[in-house]
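*Asks:* Quick one: the structure is below, questions incoming.
The values are calculated or read from the model by the stated rules, or taken from the named source; none is laboratory data. Predicted, not measured: the structure shown is a model, and the values here were computed from it. Every residue, glycine as well, gets a Cβ built from its backbone with ideal geometry; the counts of neighbours run over all protein chains shown.
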Amino acid sequence: MNHQHGAEKGLYFTVILNGLISVVEFAAGVMTNSLALISDSAHNISDFFAVLIALIARIAGRKPPTLRHTYGFRRLEVIAALVNALTLVALMAILLKESVARLISPVEPPGQAVIVIVAFFALLANSFSVMLLRKHGKEDLNTKSAFLHMLQDALASLVVMISALFYKTSFGRFVDPVATILISLFVLRSAISILWETFMTLLEGVPADIDIKDLVEGVEKEFGDVSIHHIHIWQNGPGDRLLTAHLHFREKAGIAEIESRIAGVRDHLEKRWDISHITLEPESEGCGENGILPGGKGSSVGRAHRSP
């Protein structure tokens, strides 16, 4: 309970800090005509929403399902992440276009002192957020995600600050657009990764770190008297994985034995694959299918689909 309260408190502080940093950096970037500072503020804004989503995830996770929404409201996080990523891609595209234009037609470099000061304080704030979330990120997936976002922000602020030190050199007019391009490409990579993950979630794809064949082999190795097939695996939201499957008993078994074996398989899947919601349908005569997936699709693995 103390761990959960501490992680949530860390997320609250991080949201507030990131929001303030984003506003200050954007205002300073507009005032000094610094694309690098504007791109860093955009990065901070995106991570502000990312941390906010992580915080909402913790709150939404405590809200029980309703008769109208039996899975709860976790998909709202996915939709918010999708909108956030699409907005970020559009903004980075605009900044990249402007950066290339400034490389072709250089302008006077921005005011050095203001950018160094703002970037330095942004670095301090992001570093504080990193330290705040670090000790909780080891056990909590949402907090770990927020921790990684803050670490990226700290590095981006460091790039802005270092690049500003070169504004008064002979190539100073090119430093700001080059730094902007580097940060924008870095942010675009993260945004595209988020887009892919949200699309896969909305399409109810299997989470990237789950191999169904390995899952089947693991169950059969651990529990020799059953096989698993007709598998559905999808993700309702971050850290909220679901599985439904048929569990075939090779020999006749009583209700107590069936319940005990289902509980064992469920515990194995939760610990090995971090699947939080598992529904297993027991069968003894078979369902007429011989593949891992519904409809007989998928290669047979081990003894998973042999007739009793």
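*Asks:* Hey, could you check the stretch 92-119 for residues that are over 26 Å from ALA191 (Cβ atoms) and assigned to a helix (DSSP H, G or I) and say which is modelled with the lowest pLDDT? Let's see the steps before the verdict.
*Replies:* Just the residues of the stretch 92-119 that are over 26 Å from ALA191 (Cβ atoms), to begin with: 105-109, 111-114, 116-117.
Filter once more, so that each one left must be assigned to a helix (DSSP H, G or I): 112-114, 116-117.
Numbers: GLN112: 78, ALA113: 86, VAL114: 86, VAL116: 88, ILE117: 89.
Filtering the stretch 92-119 for residues that are over 26 Å from ALA191 (Cβ atoms) and assigned to a helix (DSSP H, G or I), the one modelled with the lowest pLDDT comes out as GLN112.
*Asks:* Which number in (1) of a type outside the set (Val, Ile, Thr); (2) part of a loop (DSSP other than H, G, I, E, B); (3) in the same structural domain as PHE49 (by TED's automatic domain parsing) marks the one condition that PRO207 misses?
*Replies:* Just one mismatch for PRO207, condition (3).
*Asks:* Might you check whether a residue that is hydroxyl-bearing (Ser, Thr, Tyr), surrounded by fewer than 19 Cβ atoms within 10 Å (Cβ to Cβ) and at pLDDT below 90 occurs anywhere in the stretch 193-200? Walk me through it before giving the result.
*Replies:* If we filter the stretch 193-200 for residues that are hydroxyl-bearing (Ser, Thr, Tyr), which is where we start, we get 193, 198.
Okay, now just the ones that are also surrounded by fewer than 19 Cβ atoms within 10 Å (Cβ to Cβ), so 193.
Then drop every residue that is not at pLDDT below 90, which leaves 193.
Yes.
*Asks:* Which pairs do you get when a residue that is more than 7 Å from PRO177 (Cβ to Cβ), found in the stretch 92-104, comes within reach of a residue that is polar (S, T, N, Q) and buried (at least 16 other Cβ atoms within 10 Å of the Cβ), reach meaning Cβ atoms under 6 angstrom, with the pair 6+ apart or on two chains?
*Replies:* MET92/SER184; LEU95/SER39; LEU95/THR180; LEU95/SER184; LEU96/SER184
*Asks:* Still on this structure, I have one more. For a quick check of your reading of the model, give me the residue pairs whose first member lies in the stretch 239-253 and is part of a loop (DSSP other than H, G, I, E, B), whose second is of a type in the set (Asp, Glu), with beta-carbon atoms closer than 7 Å and at least 6 apart or on different chains.
*Replies:* Short answer, once both residue conditions are applied: ARG250/ASP225; GLU251/ASP225.
*Asks:* Tally the residues that are closer than 27 Å to TYR71 by Cβ and modelled with pLDDT under 90, restricting the search to the stretch 236-264.
*Replies:* The number of residues fulfilling the criteria is 5.
*Asks:* Something else about it: Can you tell me which residues in the stretch 190-203 are more than 13 Å from the chain's Cα centre (by Cα) and either part of a helix (DSSP H, G or I) or touching a residue at least 12 places away in the same chain (Cβ under 8 Å) (or both)? Reasoning before the result, please.
*Replies:* Start the filter on the stretch 190-203 by keeping residues that are more than 13 Å from the chain's Cα centre (by Cα), which leaves 202-203.
Result: LEU202, single match.
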